[in-house]
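The values are calculated or read from the model by the stated rules, or taken from the named source; none is laboratory data. Here the structure is a predicted model, which means the values were calculated and not measured. Don't worry about glycine lacking a Cβ; one is built from the backbone with ideal geometry, like all the others, and counts go over all protein chains shown.
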Ligand code: MTE
């Protein structure tokens, strides 16, 4: 084997290339190694930075909704992410302060292999798929979003849950230095959500890293979020830092702040009204012309065929 020994005046690559360009090139190589494709010279532009969007390679996945996807603009500018404010346009305007590297997710609790994954390793854990899902917010609006990610079950398999793992809790970032919305006491931070183990393991349940072919915009929950399309949107935690496997049902943020309004299950159900409004219909974002009729809300948001059996024998009015 030929080993090249640098002589004293061999210039370092970083000396040939200006430092700024060199650092950027190293970032790009790191991103490519982590499965993130390189920025395009032309094409979609990140709403926050104004820079070309970073593409995230994915193959078409199962369960694709045939509904027309909501526009990229609406998906990335009409958001709920209370860590960045309560108004729909605030996350897009303010989440630029979220630092998404370095980022790690601690997976712990009732598992044989507790692991802290750094985000680069998570991006390589399973093949990325594009999954276009209908999403229904508890507030009565809906979108259709082409997410990129892989089933949560892929991660669950890696950490080997023990027989005591009956629930999964998701804890998200709460850093007042980066998240101005934490000054509000609307939620007892950090934002927490939970699923039953069979729900977390269901193939529809997605860990998402991107949307519309690009790396997740900060306002949509970068760098890693959950997507559970048959439940109201608030179950889909953004910017996750901890996943805990538990024997007991965890207390979730919304259940803690208003238990009579937000139950643990929060399955989309046109027959169970929110105490302050009907859930029978929904407004599809992008279809809100003056004469546009609302759409009827579908049981389990249209995913009954896939998930209804998870709730066989349960009284969904009581366990809402
Ligand atoms: N996750 C965190 N950490 N903080 C939030 O405020 N809002 C939830 C959910 N996940 C929220 C969150 C709500 S109410 C909804 S409807 C969805 O994110 C919105 O996701 P989107 O903005 O990508 O459509």
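Could you look through the range 70-90, keep only residues that are more than 14 Å from residue 141 (Cα to Cα) and assigned to a loop (DSSP other than H, G, I, E, B), and pick out the one that is nearest to the ligand (Cβ to nearest atom)?
81
Please go through (1) touching a residue at least 24 places away in the same chain (Cβ under 8 Å); (2) surrounded by fewer than 18 Cβ atoms within 10 Å (Cβ to Cβ) for residue 234 and return the number of the only condition it doesn't satisfy.
Among (1) touching a residue at least 24 places away in the same chain (Cβ under 8 Å); (2) surrounded by fewer than 18 Cβ atoms within 10 Å (Cβ to Cβ), residue 234 violates only (2).
Count, please, the residues in the range 274-297 that happen to be more than 16 Å from residue 70 (Cβ to Cβ), touching a strand residue (DSSP E or B) at 6+ places or on another chain (Cβ under 8 Å) and in contact (Cβ under 8 Å) with a residue 40 or more places away in the chain.
In the first step, residues of the range 274-297 are kept if they are more than 16 Å from residue 70 (Cβ to Cβ); the result is 274-281, 290-291, 293, 296-297.
If we keep only those that are touching a strand residue (DSSP E or B) at 6+ places or on another chain (Cβ under 8 Å) too, we end up with 280-281, 296-297.
Those still in the list that are in contact (Cβ under 8 Å) with a residue 40 or more places away in the chain too: 281, 297.
So the count comes out to 2.
Okay, residues lined up against (1) crowded, with 20+ Cβ neighbours inside 10 Å; (2) away from the ligand (no atom under 13 Å from the Cβ):
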| residue | (1), (2) |
| --- | --- |
| 164 | no, yes |
| 167 | yes, yes |
| 170 | yes, no |
| 214 | yes, yes |
| 218 | yes, no |
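Considering only the range 115-149, state which residues are away from the ligand (no atom under 12 Å from the Cβ) and not in a strand (DSSP E or B).
119, 120, 121, 122, 123, 124, 125, 126, 127, 128, listed by residue number.
Tell me yes or no: at least one residue of the range 269-285 is part of a loop (DSSP other than H, G, I, E, B), more than 25 Å from residue 145 (Cβ to Cβ) and either under 25 Å from the mean Cα position of the chain (by Cα) or not assigned by TED's automatic domain parsing to the domain that holds residue 114 (or both).
The answer is no; no qualifying residue exists.
With respect to the numbered conditions (1) touching a residue at least 24 places away in the same chain (Cβ under 8 Å); (2) within 13 Å of the ligand (Cβ to nearest atom), which one is the sole condition not fulfilled by residue 175?
Looking at each condition in turn, residue 175 falls short on (1).
Can you confirm whether the range 192-200 contains a residue that is within 14 Å of the ligand (Cβ to nearest atom), in a loop (DSSP other than H, G, I, E, B), in the same structural domain as residue 90 (by TED's automatic domain parsing) and farther than 14 Å from residue 82 by Cβ?
Going residue by residue through the range 192-200, those that are within 14 Å of the ligand (Cβ to nearest atom) are 192-195.
With in a loop (DSSP other than H, G, I, E, B) added as a condition, the list becomes none.
Looking through the range 192-200, none of the residues is within 14 Å of the ligand (Cβ to nearest atom), in a loop (DSSP other than H, G, I, E, B), in the same structural domain as residue 90 (by TED's automatic domain parsing) and farther than 14 Å from residue 82 by Cβ.
Does residue 244 satisfy being modelled with pLDDT of 95 or more, more than 15 Å from the ligand (Cβ to nearest atom) and not in a loop (DSSP other than H, G, I, E, B)?
Working: modelled with pLDDT of 95 or more: yes; more than 15 Å from the ligand (Cβ to nearest atom): yes; not in a loop (DSSP other than H, G, I, E, B): yes.
Against the criterion (modelled with pLDDT of 95 or more, more than 15 Å from the ligand (Cβ to nearest atom) and not in a loop (DSSP other than H, G, I, E, B)), residue 244 qualifies.
Which residues, taken from the range 273-290, are buried (at least 17 other Cβ atoms within 10 Å of the Cβ) and at negative phi? Let's see the steps before the verdict.
Narrowing the range 273-290 to residues buried (at least 17 other Cβ atoms within 10 Å of the Cβ): 279, 282, 284-286.
Selection gives 279, 282, 284, 285.
Out of the residues in the range 91-102 meeting the condition of being more than 21 Å from residue 128 (Cα to Cα) and away from the ligand (no atom under 12 Å from the Cβ), tell me which one is surrounded by the most Cβ atoms within 10 Å (Cβ to Cβ). Spell out how you get there, then give the answer.
Kept after step one, since they are more than 21 Å from residue 128 (Cα to Cα), are these residues of the range 91-102: 91-99.
Filter once more, so that each one left must be away from the ligand (no atom under 12 Å from the Cβ): 93-94, 96-97, 99.
Values: 93: 14, 94: 21, 96: 16, 97: 13, 99: 13.
Going through the qualifying residues, I end up with 94.
Can you pull out every residue in the range 229-241 that is within 10 Å of the ligand (Cβ to nearest atom), in a loop (DSSP other than H, G, I, E, B) and in contact with a helix residue (DSSP H, G or I) (Cβ under 8 Å, 6 or more places away or on another chain)?
Across the range 229-241, the qualifying residues are 238, 239.
Does the range 143-153 include one or more residues that are within 19 Å of residue 244 (Cβ to Cβ), in contact with a helix residue (DSSP H, G or I) (Cβ under 9 Å, 6 or more places away or on another chain) and modelled with pLDDT of 95 or more?
Looking through the range 143-153, at least one residue is within 19 Å of residue 244 (Cβ to Cβ), in contact with a helix residue (DSSP H, G or I) (Cβ under 9 Å, 6 or more places away or on another chain) and modelled with pLDDT of 95 or more.
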